Amino acid sequence: MDIRTLTLDDHAAQFRLGAEAFGTPPYPATPPEAPTSLPQGRDVWGAVDDGELVARVVGHTYESWWHGRRVPTCGIAGVTVAPERRGAGLLQPLFEAALGAAAERGEVLSTLYPTANGIYRSLGYEVVTSLDTVEVATAELSGVRPPTATRTRRARVEDVPAVRALYDRWAAAQNGPLTRTGPRFATTDAELLDEATAVSLAVDADDQVVGYATWDRGADYDPATSVLEVHDLLAASLDGYRALWRMFGSFSSVAGRSRLSSSGHDPARLVLPSATWRVVARHPYMLRVSDLAGALTVAAPTLPGLGDIEIDLAVAGDRLGRADGGFRITVSNGTATCGRVAVAGDVPTFTTQGLALVFAGAQSCANLRMLDHLAGPDTHDRVLDALLGGRPLHVRDYF
């Protein structure tokens, strides 16, 4: 078995493997024309047996926001195994290769959208949130209270820097969102505007951007069947959310339903007049902390008012062998860093799944103990909860 990066010569084999896993036009499907160069920021690892591609893992180079900092992140996607080879243990060497390359690039976290959670739990990932598609009746959006000093208008190219800045402001206050920088994302302002039917702005009395929505109109105008698709709806003020929701409410005669990409406890929901926010699709999002020392040092969580303190802990049970070891979290002037140490005696010990959950602030140490994801002394449990908790988990980009 040969584990290697795939090249342009593997294009047709990759297409066939992916089509079997994720669906394809009616068989036999013809692979699209092969690209002339490999995409940037994307590695593809394959397991090749006697010349046949039997499994594949894609690793994307991203940054994501955690604890107010940009943290290098490997986004795993396109995981496929030939049906006849499933259960043969092919994913472990592929993940070892993909995450090994990610570590060389300085990517201390890894995330993915699973189709089967249990497979990835065994590789150190755990569900921390989900990307949801939610649906509301468009007519109900007209019942949102009117804004007091905000109006909507169509975005122009010169507005895009303000749109990007508003996204960064929102994302930096959460745990989980991608930074939307790098080769996967629109590089020019014109490209960003061309990605959807429209980008609409909420602007204040001084024409400053306080919210935006990226949306696609859909295909028809029968209110019984037509759906308005809202990809992004973010605002920095209550008025911004109100103005944008009411704008979408004006489509009620031609689009009976509006769908929004959302996650977690979305503040956009708090201005709606009813409780008819319905989840119609859900994509769980999993996190793996491959390098706790690197992740905590880059993320540098803060807890103002906390005195100087040292917390020794351990991580055990990583099948891939990268996350395990002893660590010392040092908090100085309320800011945490972390390094590898040889711990002595009985210390709090996390599983890799427990480490993901506590780093994300998704579960308390007490809950992790109930789930056997944390053992050992509980002396510093409340400090860890306070240091790593407090930020809502949100994602907005599927990969």
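The values are calculated or read from the model by the stated rules, or taken from the named source; none is laboratory data. Since the structure is predicted, the reported quantities are computational estimates derived from the model, not experimental observations. Cβ: placed from backbone, ideal geometry, glycine included. Neighbour counts: every protein chain shown.
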For Ala300, only one of the following conditions fails: (1) aliphatic (A, V, I, L, M); (2) on the phi > 0 side of the Ramachandran plot; (3) more than 23 Å from the chain's Cα centre (by Cα). What is its number? (3)
If I filter segment 75-83 for residues that are within 17 Å of Gly182 (Cα to Cα) and either of a type in the set (D, E, K, R) or out of contact with any Ser or Thr (no Cβ under 8 Å at 6 or more places or on another chain) (or both), do I get at least one hit? yes
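In segment 67-155, which helices (runs of 4 or more DSSP H) lie fully inside it and hold 2 or more residues that are at pLDDT 95 or above and in contact with a Cys (Cβ under 9 Å, 6 or more places away or on another chain)? Don't jump to the end; show me each part of the working.
Values: elements: 91-104, 117-121, 138-141.
It comes to 91-104.
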Filter the strands (runs of 3 or more DSSP E) completely within segment 186-251 down to those with at least 2 residues that are closer than 12 Å to Arg151 by Cα, in the same structural domain as Arg153 (by TED's automatic domain parsing) and not small (Gly, Ala, Ser). 198-203, 209-216
Quick one: count up the residues across segment 312-337 that are free of Cβ contacts under 8 Å to residues at least 60 places away in the same chain, closer than 15 Å to Leu296 by Cβ and not in a strand (DSSP E or B). 1
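Do you know which residues across segment 142-169 are more than 17 Å from Thr197 (Cβ to Cβ), surrounded by 14 or more Cβ atoms within 10 Å (Cβ to Cβ) and not basic (Lys, Arg)?
Ser142, Val144, Pro147, Thr150, Ala162, Leu166, Tyr167, Asp168
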Can you tell me which residues in segment 2-26 are part of a loop (DSSP other than H, G, I, E, B), within 16 Å of Thr80 (Cβ to Cβ), at pLDDT below 90 and not small (Gly, Ala, Ser)? Thr24
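Answer yes or no as to whether Asp50 is at positive phi and of a type in the set (Asp, Glu). Quick ask: steps written out before the conclusion?
Numbers: at positive phi: yes; of a type in the set (Asp, Glu): yes.
Yes: the conditions hold for Asp50.
Looking at Arg319, Arg340 in this structure, which one is closer than 19 Å to Gly376 by Cβ and among the basic types (Lys, Arg)?
Arg340 is the lone residue from the list that is closer than 19 Å to Gly376 by Cβ and among the basic types (Lys, Arg).
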Please go through (1) at positive phi; (2) modelled with pLDDT under 95; (3) of a type outside the set (Gly, Ala, Ser) for Pro35 and return the number of the only condition it doesn't satisfy. (1)
Odd one out for Tyr285, checked against (1) assigned to a strand (DSSP E or B); (2) within 22 Å of the chain's Cα centre (by Cα); (3) in the same structural domain as Gly143 (by TED's automatic domain parsing): (3)
Can we say Gly182 is more than 15 Å from Ala243 (Cα to Cα), in the same structural domain as Ser250 (by TED's automatic domain parsing) and either in contact with a helix residue (DSSP H, G or I) (Cβ under 7 Å, 6 or more places away or on another chain) or not polar (S, T, N, Q) (or both)? yes
Among the residues in segment 47-62, are any modelled with pLDDT of 95 or more, in contact with a Ser or Thr (Cβ under 6 Å, 6 or more places away or on another chain), crowded, with 17+ Cβ neighbours inside 10 Å and outside the structural domain of Phe359 (by TED's automatic domain parsing)? yes
Scan segment 338-359 residue by residue and report those that are free of Cβ contacts under 8 Å to residues at least 40 places away in the same chain and among the hydroxyl-bearing types (Ser, Thr, Tyr). Thr349, Thr351
Using the structure shown, decide if Arg242 is more than 22 Å from Glu195 (Cα to Cα) and not polar (S, T, N, Q). yes
The condition of being surrounded by 19 or more Cβ atoms within 10 Å (Cβ to Cβ), modelled with pLDDT of 95 or more, under 20 Å from Ala360 (Cβ atoms) and aliphatic (A, V, I, L, M) holds, among Leu260, Leu313, only for Leu313
Of the residues in segment 187-211 that are under 15 Å from Glu158 (Cβ atoms) and touching a residue at least 40 places away in the same chain (Cβ under 8 Å), the one that is surrounded by the fewest Cβ atoms within 10 Å (Cβ to Cβ) is Gln208
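If you go through segment 173-184 one residue at a time, how many are within 18 Å of Leu131 (Cα to Cα) and either buried (at least 16 other Cβ atoms within 10 Å of the Cβ) or in contact with a His (Cβ under 8 Å, 6 or more places away or on another chain) (or both)? Let's see the steps before the verdict.
Step one: of segment 173-184, the residues within 18 Å of Leu131 (Cα to Cα) are 173-180.
Right, trim to either buried (at least 16 other Cβ atoms within 10 Å of the Cβ) or in contact with a His (Cβ under 8 Å, 6 or more places away or on another chain) (or both) and you get 174-180.
Of the residues in segment 173-184, 7 are within 18 Å of Leu131 (Cα to Cα) and either buried (at least 16 other Cβ atoms within 10 Å of the Cβ) or in contact with a His (Cβ under 8 Å, 6 or more places away or on another chain) (or both).
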Taking only segment 359-382 into account, find how many residues are surrounded by 15 or more Cβ atoms within 10 Å (Cβ to Cβ) and within 27 Å of Asp266 (Cα to Cα). 9
Select from segment 354-399 the residues that are small (Gly, Ala, Ser), under 19 Å from Ser110 (Cα atoms) and not in a loop (DSSP other than H, G, I, E, B) and list them in ascending order. Gly354, Ala356, Ala360
